[in-house]
Amino acid sequence: MQRRRFMKLAAVGGGAVFASGLAGCSSLAGPGGNKDRDFYFVQLSDSHWGYKGPDNPDAAGTLPKAVAAVNALGTQPEFLMFTGDLTHTTDDPGERRRRMTEFRSIVAGLNVKEVHFMPGEHDASLDRGAAFQELFGPTHYTFDRHGVHFIVLDNVSDPGARIGDEQLQWLEADLAGRDRAAPIVVFTHRPLFDLVPKWDWATRDGAKAIDVLLLHQNVTVFYGHIHQEHHQMTGHIAHHAAKSLIFPLPAPGSQDKRTPLPWDAAAPYKGLGFREVEGELGAAPAYRLEEFPVVRT
């Protein structure tokens, strides 16, 4: 995969490519650019391990295929971020932990040195993230790489689809005193904005988080939950949704209910995939997003 080839903002046949340049961002490294300063990470989302149903008859095989696809990348990413719904919901606490243990065992096969996790509502809403924290650690946290500040927000452990005042105060405190022009990347599971509230495609107090983030000039948000690629702006903040590893869902608001799109035996794994995010460091990063299928045909 020629990961560093320059691509203009375009939709390319056979796989979508989206270049996101925030205000004040430098250009992506082209021929002669400073490639030593770039980096990239991989986003996986919504594997729903433990799901069984006709919407993916290979439900037990898709996650291992995704691991193999990431391991086959020509250059391994700086890190991998899994944006929630690691497992499919279950009322049985023992089964919930069993599914999480199986998921953890499968992704242990990744060649990526650094892997980060966050919960989805399927993992955390029934026990406020207790099982997730036992097996994977905190549900919200921060880390820094190459001058970029990464923030993981939990908008799923609260069954009311809220971030909550305590975590919002934590977010404000984390950003207080930071350079307003410094690059920030936020990971969430649900969208922070109201995409389709009746489908649970919203965060009830997400606007409060966006208000905090809008004080900073270079913010990008990556999320999951909606099982499809989607791009939206709130002010100068770009929000990018990831495809699922289990089944695609309909376009936002396109039908009454968010029922999974049926499995297409003629085109298995259609609509499933993962993404690569490349950042070129300048005055602020510019990001190039490239979407990959779970299985190449």
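The values are calculated or read from the model by the stated rules, or taken from the named source; none is laboratory data. Because the structure is a prediction, the values reported are computed rather than measured. Positions of Cβ are generated from backbone atoms using ideal geometry, with glycine treated the same way; all protein chains shown enter the neighbour counts. Calculation scope for accessible area: heavy atoms of the full protein, side chains included, ligands and nucleic acids excluded. Shrake-Rupley method; radii C 1.70, N 1.55, O 1.52, S 1.80 Å.
Structural remarks
- Test: residue in region 242-257 that is of a type in the set (A, V, I, L, M, F, W, C) and over 21 Å from Glu121 (Cβ atoms): no
- Subset of region 254-297 that is among the charged types (D, E, K, R) and either touching a helix residue (DSSP H, G or I) at 6+ places or on another chain (Cβ under 6 Å) or part of a loop (DSSP other than H, G, I, E, B) (or both) - its residue that is farthest from Pro57 (Cα to Cα): Asp256
- Neighbours by Cβ (under 9 Å, 6+ apart or cross-chain): first from region 180-207, free of Cβ contacts under 8 Å to residues at least 24 places away in the same chain; second open to solvent by 10 Å² or more (accessible area, probe 1.4 Å) and part of a helix (DSSP H, G or I): Asp194/Ala207
- Matching residues in region 194-215 - criterion: being closer than 15 Å to Leu168 by Cβ and either touching a Lys or Arg at 6+ places or on another chain (Cβ under 9 Å) or open to solvent by 40 Å² or more (accessible area, probe 1.4 Å) (or both): Thr203, Arg204, Asp205, Gly206, Ala207, Lys208, Asp211, Leu214, Leu215
- Qualifying residue in region 204-213 (condition: assigned to a helix (DSSP H, G or I), within 26 Å of His146 (Cβ to Cβ) and β-branched (Val, Ile, Thr)): yes
- Filtered residues of region 126-158 (kept if under 18 Å from Gly206 (Cβ atoms) and either within 17 Å of the chain's Cα centre (by Cα) or modelled with pLDDT under 95 (or both)): Thr139, His140, Ile151, Val152, Leu153, Asp154, Asn155, Val156, Ser157
- Checking each residue in region 66-118 for being crowded, with 18+ Cβ neighbours inside 10 Å, of a type in the set (Gly, Ala, Ser) and in a helix (DSSP H, G or I) picks out Ala66, Ala69.
- Search result, residues across region 163-193 that are in a loop (DSSP other than H, G, I, E, B), β-branched (Val, Ile, Thr) and open to solvent by less than 10 Å² (accessible area, probe 1.4 Å): Thr188
- Taken over region 127-162, the residue count meeting the criterion of being open to solvent by less than 20 Å² (accessible area, probe 1.4 Å), over 19 Å from Phe41 (Cβ atoms) and not in a loop (DSSP other than H, G, I, E, B) is 2.
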